[in-house]
Amino acid sequence: MIRPSTRSIFWFLIIVAALVGLERLNGTSDFNHVYLGIECALKPQVIYDCSPYYRFPPVFAYLLAPLAPLLHKTGTFILTMFLQLLSLYLALEMLPDRKKAYTSALLLIVPIADTLFLGQINIMAFASLPLLALLMERRSFLSHGLTTLSAWLKALGVVYFPYFLRRNPLRFVLHFALFSALLMGIGLLIRGPHLLVADIQTWFGEMVSGLITSGKLTERVYSHGFVHYKNYSLLSVWKSMHLPTSGYILMALILIIPSLLTSSRYLSYGILAASGVILSPISWLHYYVFLLLPVYNLMTMEERAGVRRGIASVVFASMILTGLPAGIHLKTPLLGALILYAWHLWKAGPRLYFWRQQEGNP
């Protein structure tokens, strides 16, 4: 009897999750709000006035708006899911150890499936596009373009910027400016200058600054009945202790610093990915697709099987435990991410530039 491969099991579960997400389109799917933002991009109105639940940068709506009248909601959902799964497939197939790549993805099946259940776009923004950017790093123009796109799909993608800014800052800044101008050019064609500026100003003014200063979403969203449901962010813990935002920003910078010091590209990128999900003001379960590369690093870099299995089990269990009754509000994914972050620091220790290697050191 032929046993199904890890890859087969993973894609079977992913297809089921996508079909569940498609079935929920007429119910509580987040994609309903995403699609409303896409439709709003075709109207003479600021996207965030028309669709209070559309909280992304406006670029995703600009990119899909021309197709929306042809595809309608179901077709747009299918296209979005296809693009996500295609980018994920390419990333997993390009990783050096394909078997462990799929094992890592399977360990994160809960947040990946949650993304598809909800019709979210986090697989592209936080996992596959940034990972493809790392794997294509030698082709810097394309690599920087993928990184820029991921950040314009969801702003938290900027967590990967320090890696490229450390390695070749001028080239990255130029490429970022070029690709950003291209995306804004698409917005200009669809929205015109006045609405484009209004969209960007509203997004920066209400979404970005509000999250940074208060850890909350815009009041525009709250006025429509939105509530924080199962927020697994370190910031939510920080705010519950009534600690100052300035201290949180300092802590965020400290968490990112090790990624700038280690000479290992995979560990550097993994530290940034783990930092992103830990620091995000609104880390719901589906944000934990961020951990794809960190889990892969654990699977491939940890020689001791007991340590590897132990941490992997904790990460997997931390996602599973979110299925408990909603009233418990367990923050176990955050615990799993913190443990994985700590492993990256420990593994990167001998590779830190300030750690002078002595004879006999690793």
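The values are calculated or read from the model by the stated rules, or taken from the named source; none is laboratory data. Since the model is a prediction, treat every value here as computed from it, not as a measurement. Here the Cβ is made from the backbone with ideal geometry for all residues, glycine too, and neighbour counts use every protein chain on show.
What to note about this one:
- Of the residues making up region 1-59, those that are assigned to a helix (DSSP H, G or I), closer than 17 Å to GLN120 by Cβ and among the charged types (D, E, K, R) are GLU23, ARG24.
- Residue within region 6-25 that is under 26 Å from HIS194 (Cα atoms), basic (Lys, Arg) and touching a residue at least 60 places away in the same chain (Cβ under 8 Å) present: no
- Checked against (1) part of a helix (DSSP H, G or I); (2) modelled with pLDDT under 80; (3) under 16 Å from the mean Cα position of the chain (by Cα), PRO350 passes all but a single condition, namely (3).
- If the condition is being outside any loop (DSSP other than H, G, I, E, B), surrounded by 17 or more Cβ atoms within 10 Å (Cβ to Cβ) and among the hydrophobic types (A, V, I, L, M, F, W, C), then region 72-105 contributes PHE77, MET81, LEU83, LEU85, LEU88, ALA91, LEU92, ALA101, ALA105.
Listed here are the residues, each with its yes/no results for (1) under 26 Å from SER264 (Cα atoms); (2) touching a residue at least 60 places away in the same chain (Cβ under 8 Å); (3) out of contact with any Pro (no Cβ under 7 Å at 6 or more places or on another chain).
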{"position": "LEU116", "(1), (2), (3)": "no, yes, yes"}
{"position": "LEU135", "(1), (2), (3)": "yes, no, yes"}
{"position": "SER140", "(1), (2), (3)": "yes, no, yes"}
{"position": "SER143", "(1), (2), (3)": "yes, no, yes"}
{"position": "TRP152", "(1), (2), (3)": "no, yes, no"}
{"position": "LEU156", "(1), (2), (3)": "yes, yes, yes"}
{"position": "ARG166", "(1), (2), (3)": "yes, yes, yes"}
{"position": "PHE176", "(1), (2), (3)": "yes, no, yes"}
{"position": "HIS194", "(1), (2), (3)": "no, no, yes"}
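- Some residue of region 252-259 being in contact with a strand residue (DSSP E or B) (Cβ under 8 Å, 6 or more places away or on another chain) and part of a helix (DSSP H, G or I): yes
- Boolean, ALA68 is touching a residue at least 60 places away in the same chain (Cβ under 8 Å) and either small (Gly, Ala, Ser) or surrounded by fewer than 21 Cβ atoms within 10 Å (Cβ to Cβ) (or both): no
- Checking PRO69 against (1) of a type outside the set (A, V, I, L, M); (2) closer than 23 Å to LEU25 by Cβ; (3) within 15 Å of the chain's Cα centre (by Cα); (4) in a helix (DSSP H, G or I), the condition it does not meet: (3)
- Leading residue by the ranking (nearest to the chain's Cα centre (by Cα)) among those in region 106-144 that are under 23 Å from LEU170 (Cβ atoms), of a type outside the set (A, V, I, L, M, F, W, C) and buried (at least 21 other Cβ atoms within 10 Å of the Cβ): PRO130
- Checking each residue in region 38-83 for being touching a Phe, Trp or Tyr at 6+ places or on another chain (Cβ under 9 Å) and among the aromatic types (Phe, Trp, Tyr) picks out TYR48, TYR53, TYR54, PHE56, PHE60, PHE77.
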